[in-house]
Structure formats: C-alpha cells, structure tokens
Amino acid sequence: MREPEHSVTIVHAVDASAEDLYAAWTEPERMRRWLALEVEADVREGGDYRIVDRQPDGSTRVYGGTYREIEPGRRMAATFNRPDALGSGRRDEFVEVVFKALGPARASLSLTNGWDGQGMTDAEFDALEQRWAVWLERLEALFPRHGGPH
C-alpha cells in the first residue's frame, strides 16, 4: 500500500500467538466476537468487507472496504471507509495491521490507520486513538492470560 498523507500507529501486545491474532482480524466469526455486531468479509486481495458496529449512544455505524494486501499470519492491509469526523461525507482511510510473534503465546500487532486529505485537530486525533483503543481492548478480551482463543 502507498503511504497516506496522515496516519496514526498503535502498537499493542496481546497474550496470543501471531496466528491467532491474524485469525481474529480475518475470520468473520472471530471478527464478530470483538469487532462488530455484523461482519461480512471476503478475505483475499481485492475482496470486500463490511462491518456494523454499535456506537456508545446505541446507534449503529457501518464501516467497509477492500482488502489490498494479505500475508496470512503476518499482515493485512485494506481500505477503511467510515463517515468522517465532521459528518460531511465519507473519507477513504487505510488500515494496515502487522502481526509479530513475541513468544509462543504472546504477539504484538502494529496497527496503522492512515488517510489522505484534511488533517485532524488534536481532539479528533485523540478521539480516533480512543476508538481504536476500545476495539483493541475488545480484541484482547478474546484471549485468556495464558494464550489461545476463548
């Protein structure tokens, strides 16, 4: 994938193997357990995905995109579309997640969310990081402290 004009990268370690983390990001049934209420995913380069997530106010928001690069067990990159922070239309974003083994039952993921066009205010940037932090907490909850999926 090309470099976006703006990006935020979050590195997070989880008590799970890199393969289990990759599966949690690419297998629709596992994705439903942490990422969204509804998931449709054709996980192959050029395949599309669609997720529906519940917002804190009880409403739902639809996200979707196209898988651009897939390296099973190691990396996935996709477009990521959502309503923009100001509600004035849609903005195409890019998401890349790299999985790295830290041991037999511990791995890190490096998540980069990038976009082109207008930058964000500090408050919008903080809100973006918070949204990803919530999703990563949900992801981590899938795995017990000693590794392996729940």
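Here, each number is a calculation from the coordinates, and none is a lab measurement. All values derive from a computational prediction rather than experimental measurement. As a convention, Cβ positions derive from the backbone with ideal geometry for all residues, glycine included, and neighbour counts pool all protein chains shown.
The figures follow:
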read-out	value
Karplus-derived 3J(HN,Hα), 6.51/-1.76/1.60, for each residue of the stretch 33-45, Hz, glycine and proline x	6, 9, 8, 6, 6, 10, 9, 10, 8, 9, 7, 7, 4
Neighbourhood net charge (12 Å Cβ-Cβ; Lys/Arg +1, Asp/Glu -1) for Gln130	-3
